[in-house]
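Worksheet for the structure shown next.
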Amino acid sequence: MRDLGLRFVRHNLFWPTLALVLLLLLNLTKTPDFFSLRLQDGHLYGSLIDILRNSAPTLLIALGMTLVIATRGIDLSVGAVAAISGAVACTYMAGSPDESTAGRAVIGMTMAVAVAVLLGVWNGFLVSVLGIQPIIATLVLMTAGRGLAMLITDGQITTVNNSLFAKVSTGFVLGLPIAILIALAVFAITAVLTRRTALGMLIEAVGINPEASRLAGVRARTITWTVYVFVAFCAGIAGLMIASNTSAADANAAGLFIELDAILAVVIGGTSLAGGRFSLTGTLIGAMFIQTLATTIPTMGIPAETNYLFKAVVVIVVCLLQSPKARAVLSVRRSSPLLTKGSAA
Amino acid sequence: MIQMTAEAAEATRTEPVVQMSGVSVSFPGVKALQSVGLTLRPGEVHALMGENGAGKSTLIKALTGVYSIDEGTIIVGGEPRTFHSPAESQAAGISTVYQEVNLCTNLTVAENMLLGREPRSFGRIDTRAMNRRAGETLTRLGLDIDPKSQLGTHPIAIQQLVAIARAVDIDAELLILDEPTSSLDADEVAKLFEVMRTLRAEGVAIVFVSHFLEQVFAISDRMTVLRNGQFVGEYLTAETTQLQLVQAMIGRELETLEKIEQAAEEHTVKTQGAPLMEVIDLGRKGSVESVDLQLFEGEVIGIAGLLGSGRTELARLLFGADTPDHGDMRMRSKGTKLRTPRQAIDHKIAFSSENRRSEGVIADLSIADNMVLAMQASRGWLRPIPARTKDRLVRKYIEALDIRPADPNALMRNLSGGNQQKVLLARWLITEPELLILDEPTRGIDIGAKAQIQQLVADLSKDGMSVVFISAELEEVLRLSDRLVVMRDRRKIDERANEDVTVSDVLEIIAGEVRNDA
């Protein structure tokens, strides 16, 4: 029985899950009906649904980011890509004579995602072919991207009046918000693509040792390139969600700092920034955690603007939990006979 | 258990620098050391011998404070001591150079040598003084290395010597060299030995760990042998024969090696008809100059040559790891261009690199994933190997190659060098290659695993696989190969059937032209 408990505690996702559960329970003390869901006009409502819905853009990007980080990379440009995606869709729709038709929304959104994918191809090219360090390579688009979005929207906040487009963020299907369904669908597809095929293992191999993987015949360059395209694709969809939420493209504010939230979600989920082993479920929990935190702070009567401060505390705790020294100290406290050796060394 | 001759006892007059006795160390589930003793005297080179997993590294780490000991005493300079970190043992005059070079390749030679104890003036690092001091140490050791040059620009062998120079610079009373020669060629080994003799004359105690028996006999004064974490004995080198030493270390594998040699001699290859692979005028600027080579089915070609002779570079060209500038390649008489390893694998070629850690091992993946990596890569990510097939293959090779631990889910990083090498061999054997290129497959692994790998090569060639076998150990090359290719200065200088060729013949071929050139 103790063994089972120990295995539970040692599981990679134990700490992130525990943190999420505690945070949710904390809300219960202030909002007794925090966990309650109510059905209204066939739509589910409740705090949990709100959290899920609001976390969708971050989750989407974090999924792509998980794979990028697994290859030892990072993508700082996702926020800018999301802004460009929203700008393309909105500018196209606003500029056409029949702006509110479903056809325009479909074409606009397809164009937006296509542009995002193209930007991903650019990032992937810089990293995998030219061998530029990912943080620098994607920094280019992170800064230039917002300018590009401004160019597209002509510096204005472009509003659109299109009911189909608005539904991406606010609509419901089968009682659930569409945004949640999209994010979960991408999660499921990513999980199947990486874990039911050999892609996940090959990504991990490339992240752990790129040269050894190349010599073993792994197309390391193609894999690296692909994950940058994938994260840009995710950012493109996230950008549509963000723009859809207000039916407007704001080149300056859309997806601002979302890259940091995405990276944080990945790291909370237990995927190391050093590359290698990754956990999509961990990222899911991480994204939930960040959104729950953002929801909890105003609930507790703390000004919402201090959100960043609490995120910083989370970052410090996560870093501590991942540092070998802190782990050694913790394991002594738990006085597990197996671990004292490592900590004494 | 302690066997000590009268002479050995007599030589104990000088007080030992370090005396370890009854030292035990255990890890979860394993007793790594059981009541082991080690006595190190000033002005002596002491060889620490044993197979991989015998406990040599553990003993060293117990001494230097990397591991804490469960039982026993460690007396340093006459006082019982317990070190809690390598820094503490270093402060007590114990300096260690580990098997793999652990330096910063992006810093200069001088910065590496004085890392952590840089000369300072007004709180700032005095670069000039640092370069001067590093230069002095290098000169004292007879090494012609520019202290201002970046470490990464030097070959591994030089980096290793810098690591030793760094250790020497600390003014150690005890210098521990853990497999320092595994990446050095004969010249460099001679240079290292000079350095060791200088230090010995200065009264430094030296611990020397090596798998090269000749080297141990050439340099050491005394030997301690470990087996399975237990103390076997302490011997005076002058009174011990190689055979006695090997028997103390292992006993049984000796016969295997003799059998392999016999089998290899009986092994015949049909060198008529079209060769499996033929290269003409193959070369790449700065790595290999135009090599012609024919390789037949079931043939083992041994490539001999010093480090930097182009032997590794040739292997990389044959595998497409580097792309040639000029020359032609034919596989089964068909013109072929290899631009990536992937293409080579598609042509049923396999290549096990000499740099196991940086070019082979995927440390954080399991044994199973490491084994199937090449096969999976060539199937493409959309066609994962079915779990049952994977399981069967992995278990088969774990058993066939005697890999330990025999747990497919064990992480590669936790395996010993010999077992990692076997997993990498399995990775390639699973792809069922027709040509297997092995670059230093036995470097830094114990005699037991060495014998197993050599046996494997002999068996594979008997079954029709062609093998290119590269090793710094000429005995090994001669034992296994049907034909011998000698390389020097990036060129093939000799090729002959391996009939009655001796090690000294090969050395003469390698050295002979040096004299002619001079």
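The values are calculated or read from the model by the stated rules, or taken from the named source; none is laboratory data. Predicted model, so just to flag it, every value in this text is computed and none were measured. Every residue, glycine as well, gets a Cβ built from its backbone with ideal geometry; the counts of neighbours run over all protein chains shown.
Observations on the model:
- Contact map, the stretch B:138-151: residues that are under 20 Å from B:D126 (Cβ atoms) and touching a residue at least 40 places away in the same chain (Cβ under 8 Å) paired with residues that are among the β-branched types (V, I, T) and in a loop (DSSP other than H, G, I, E, B), Cβ distance under 6 Å, separation 6+ or inter-chain. Pairs shown: B:L151/B:T105.
- Hey, B:I164 over 27 Å from B:S89 (Cα atoms) and of a type in the set (A, V, I, L, M) or not: no
- Condition check for B:T268: within 22 Å of B:L480 (Cβ to Cβ), over 24 Å from the mean Cα position of the chain (by Cα) and not in a strand (DSSP E or B): yes
- Residue match in the stretch A:163-183 (condition: within 13 Å of chain B (Cβ to nearest Cβ) and either surrounded by fewer than 18 Cβ atoms within 10 Å (Cβ to Cβ) or in contact (Cβ under 8 Å) with a residue 60 or more places away in the chain (or both)): no
- Qualifying residue in the stretch B:177-190 (condition: touching a residue at least 60 places away in the same chain (Cβ under 8 Å), more than 18 Å from B:E354 (Cα to Cα), surrounded by 18 or more Cβ atoms within 10 Å (Cβ to Cβ) and hydroxyl-bearing (S, T, Y)): no
- Residue selected from the stretch B:14-57 under the condition buried (at least 23 other Cβ atoms within 10 Å of the Cβ) and within 14 Å of chain A (Cβ to nearest Cβ), by the criterion farthest from the chain's Cα centre (by Cα): B:V25
- Strands (runs of 3 or more DSSP E) (entirely within the stretch B:151-230) containing at least 1 residues that are out of contact with any helix residue (DSSP H, G or I) (no Cβ under 8 Å at 6 or more places or on another chain) and among the β-branched types (V, I, T): B:222-227
- Members of the stretch B:287-304 that are of a type in the set (G, A, S) and farther than 21 Å from B:A472 by Cα: B:S290, B:G298
- For the stretch B:320-343, the criterion of being hydrophobic (A, V, I, L, M, F, W, C), within 12 Å of chain A (Cβ to nearest Cβ) and crowded, with 24+ Cβ neighbours inside 10 Å is met by none of the residues.
- Residues that are over 18 Å from A:E204 (Cβ atoms) and over 11 Å from the mean Cα position of the chain (by Cα) within the stretch A:256-280 comprise A:L256, A:F257, A:I268, listed in sequence order.
Residues checked against (1) touching a residue at least 12 places away in the same chain (Cβ under 8 Å); (2) closer than 29 Å to B:T502 by Cβ:
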residue	(1), (2)
B:Q262	no, yes
B:Q272	no, yes
B:V279	yes, yes
B:E313	yes, yes
B:L318	yes, yes
B:A321	yes, no
B:S333	yes, no
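- Residue within the stretch B:77-97 that is more than 29 Å from B:S358 (Cα to Cα), more than 14 Å from chain A (Cβ to nearest Cβ) and in contact with a Leu (Cβ under 7 Å, 6 or more places away or on another chain) present: yes
- Residue in the stretch A:196-206 that is more than 21 Å from A:G282 (Cβ to Cβ), more than 18 Å from the chain's Cα centre (by Cα) and more than 7 Å from chain B (Cβ to nearest Cβ) present: no
- Close pairs (7 angstrom Cβ cut-off, 6 or more residues apart or separate chains): in a strand (DSSP E or B) in the stretch B:404-418, surrounded by 15 or more Cβ atoms within 10 Å (Cβ to Cβ) and of a type in the set (S, T, N, Q) anywhere: B:L411/B:S366
- Residue match in the stretch B:292-299 (condition: surrounded by fewer than 17 Cβ atoms within 10 Å (Cβ to Cβ), within 14 Å of B:M487 (Cα to Cα) and in contact with a Lys or Arg (Cβ under 9 Å, 6 or more places away or on another chain)): yes
- The listed residue being more than 22 Å from A:I152 (Cβ to Cβ) and either in contact with a Phe, Trp or Tyr (Cβ under 6 Å, 6 or more places away or on another chain) or not assigned by TED's automatic domain parsing to the domain that holds A:A166 (or both), out of A:N123, A:N54, A:N27: A:N27
Conditions tested, residue by residue: (1) surrounded by fewer than 16 Cβ atoms within 10 Å (Cβ to Cβ); (2) under 26 Å from A:V168 (Cα atoms); (3) not polar (S, T, N, Q).
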site	(1), (2), (3)
A:P97	yes, yes, yes
A:V113	no, yes, yes
A:V121	yes, yes, yes
A:L126	no, no, yes
A:I132	no, no, yes
A:I136	yes, no, yes
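- Out of A:S279, A:S272, A:S343, A:S244, sole residue that is at pLDDT 90 or above and within 14 Å of chain B (Cβ to nearest Cβ): A:S279
- Screening the stretch B:352-390 for residues that are under 15 Å from A:T197 (Cα atoms) and not in a helix (DSSP H, G or I) and picking the one that is farthest from the other protein chains (Cβ to nearest Cβ) gives B:P386.
- The number of residues in the stretch A:43-97 that are among the β-branched types (V, I, T) and closer than 18 Å to A:V266 by Cα comes to 9.
- Count of residues meeting criterion [touching a residue at least 24 places away in the same chain (Cβ under 8 Å) and closer than 14 Å to A:L24 by Cβ] in the stretch A:288-327: 11
- Within the span defined as the stretch B:303-324, one or more residues are out of contact with any Cys (no Cβ under 8 Å at 6 or more places or on another chain) and within 14 Å of B:D482 (Cα to Cα).
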